[in-house]
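Before we start, here is the structure in question, set down as structure tokens.
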Amino acid sequence: QVQLVESGGGLVQPGGSLRLSCAASGSIFRISTVGWYRQAPGKQRELVAAITSGGSTNYADSVKGRFTISRDNSKNSVYLQMNSLKPEDTAVYYCNSKYFMHDYWGQGTQVTVSS
């Protein structure tokens, strides 16, 4: 069993930065692929960035060059550094941990980019 808790969301002006954190309980987290997803009102949930247990990363085209995903297995945590934020980045951001059939979600954290 893995429990995920996201934090770090908030209101930021366009061009600003935020750092999201996903803190996990459960040892399986360290061998899991972890992804950050987001869901804006009226839209489907989409993958923003993911990182494997070995540290390989991938990003949605819309955030490449602006967002960076990283993990610290000693702290059982994954982070999403978001720079040059745009209004279209506004969404609820969710952390997901996946290892075969072990698929867990956090409760989400709201990110609002607005002047």
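Name the residue from Gly26, Ser74, Thr52 whose Cα lies farthest towards the positive end of the charge dipole of the chain, charges +1 on Cβ of Lys and Arg and -1 on Cβ of Asp and Glu.
Going by the Cα projections, it comes out as Ser74.
Mind telling me which of Val92, Val48, Val34 comes out most flexible in a GNM of the chain, alpha-carbon contacts under 10 Å?
Val92
Something else: Heavy-atom accessible area per residue, the stretch 43-115, 1.4 Å probe: how many Å²?
With all protein chains present, the stretch 43-115 gives 53 Å² per residue.
Nearest-5 percent of antiparallel DSSP beta bridges in the chain?
95 percent
Counting Lys and Arg as +1 and Asp and Glu as -1, what is the net charge of the other residues whose Cβ lies under 11 Å from the Cβ of Thr52?
Charge balance near Thr52 sits at +2.
Using the per-residue mean of other Cβ atoms lying within 10 Å as a proxy for protection, in what order, highest first, do the peptides 58-65, 25-32, 77-84 fall?
Highest mean packing first, the order is 77-84, 25-32, 58-65.
Find out how many positive minus negative residues lie around Pro14, taking Lys and Arg as positive, Asp and Glu as negative, among other residues whose Cβ is under 14 Å from that of Pro14.
0
Further, regarding this structure: Can you run phi through the Karplus equation (6.51, -1.76, 1.60; θ = phi - 60°) for the stretch 105-115 and list ³J(HN,Hα) in whole Hz, with x for Gly and Pro?
These are the phi-based 3J(HN,Hα) values: 10, x, 8, x, 9, 7, 10, 10, 10, 7, 8 Hz.
The values are calculated or read from the model by the stated rules, or taken from the named source; none is laboratory data. In this text, all values refer to a predicted model and were calculated from it rather than measured experimentally. Glycine also receives a Cβ, built like all others from the backbone with ideal geometry; neighbour counts cover every protein chain displayed. Note: areas computed on protein heavy atoms with side chains; ligands, DNA, RNA excluded. Shrake-Rupley method; radii C 1.70, N 1.55, O 1.52, S 1.80 Å.
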